[in-house]
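The values are calculated or read from the model by the stated rules, or taken from the named source; none is laboratory data. Predicted, not measured: the structure shown is a model, and the values here were computed from it. Because the Cβ atoms are built from the backbone with ideal geometry, glycine has one as well, and the counts that use them run over all protein chains shown. Side chains included, ligands, DNA and RNA excluded: accessible areas come from the protein's heavy atoms. Shrake-Rupley method; radii C 1.70, N 1.55, O 1.52, S 1.80 Å.
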Amino acid sequence: MQRLIKWFVITTFFAPAMSMAAAKIDAIAPDFTLQDSYGKTVTLSDFKGKYVVLEWTNHLCPYVKKHYGSDNMQSLQRKYTQQDVVWLSVISSAKGKQGHVDANKANDLTKTRNASPSHVLFDESGAVGRLYKAKTTPHMYIINPEGKLSYAGAIDSIKSANPADIPKATNYVVSSLTNLLAGKAINKKITKPYGCSIKYKS
């Protein structure tokens with residue numbers, strides 16, 4: 001009985017804190033620490049004072065291939081990292097599931113695709129992805145210098161795996177960062193993401 005009471009107190013105390021920790025627009029983005037493809041420990045809060053883009057990715061997903069095969073994602077990485085924006089590509093694919101890679105493969109993908117993220121991060125447990133309610137690859141987030149989540153959703157306005165649709169679409173990452181960097185409000189802070197489902201650990 002005493003053990004049961006202790007369990008009830010612990011779960012009751014921590015449950016609200018855990019639910020409050022989930023990502024929410026205009027609230028402080030949940031902090032996390034992950035290892036990158038070079039073995040470096042990366043903590044989100046270390047980048048406070050800068051804009052941060054989170055990009056959930058899976059190199060085998062057709063929607064991700066659309067944006068990398070066309071150089072669309074890489075061009076965004078190059079453009080904004082040159083403006084001191086931190087770009088974090090996050091892989092939440094569990095071991096044995098589509099999109100899971102080791103460090104060597106991740107670095108090879110960065111090199112062969114001419115990608116320019118600040119870091120490629122491994123979230124094999126899926127804890128960070130679930131904390132941010134990431135659903136698809138790609139799924140994009142923007143965090144402002146105060147550490148607040150400013151945008152969450154799709155990379156652009158056309159739900160398609162066809163690269164020909166990229167020039168026709170409104171790129172939400174571009175429009176959001178353009179406004180934010182100019183000190184203006186974002187028109188759409190939340191959009192519905194599209195792509196492959198994230199291959200989380202069961």
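So here's what we get for this one:
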item	result
Some residue of the stretch 186-195 being more than 24 Å from Ala23 (Cα to Cα), part of a loop (DSSP other than H, G, I, E, B), charged (D, E, K, R) and open to solvent by 50 Å² or more (accessible area, probe 1.4 Å)	no
Some residue of the stretch 162-175 being under 21 Å from Phe32 (Cβ atoms) and either of a type outside the set (Asp, Glu) or in a loop (DSSP other than H, G, I, E, B) (or both)	yes
Subset of the stretch 75-87 [surrounded by fewer than 18 Cβ atoms within 10 Å (Cβ to Cβ) and either of a type in the set (Asp, Glu) or part of a helix (DSSP H, G or I) (or both)]	Ser75, Arg78, Lys79, Thr81, Asp84
Boolean, Val90 is touching a Cys at 6+ places or on another chain (Cβ under 9 Å), open to solvent by less than 40 Å² (accessible area, probe 1.4 Å), at pLDDT 95 or above and not charged (D, E, K, R)	no
Some residue of the stretch 163-171 being over 24 Å from Lys48 (Cα atoms) and crowded, with 17+ Cβ neighbours inside 10 Å	yes
Positions within the stretch 96-119 being at negative phi and either in a loop (DSSP other than H, G, I, E, B) or touching an Asp or Glu at 6+ places or on another chain (Cβ under 7 Å) (or both), in sequence order	Lys97, Gln98, His100, Val101, Asp102, Arg113, Ala115, Ser116, Pro117, Ser118, His119
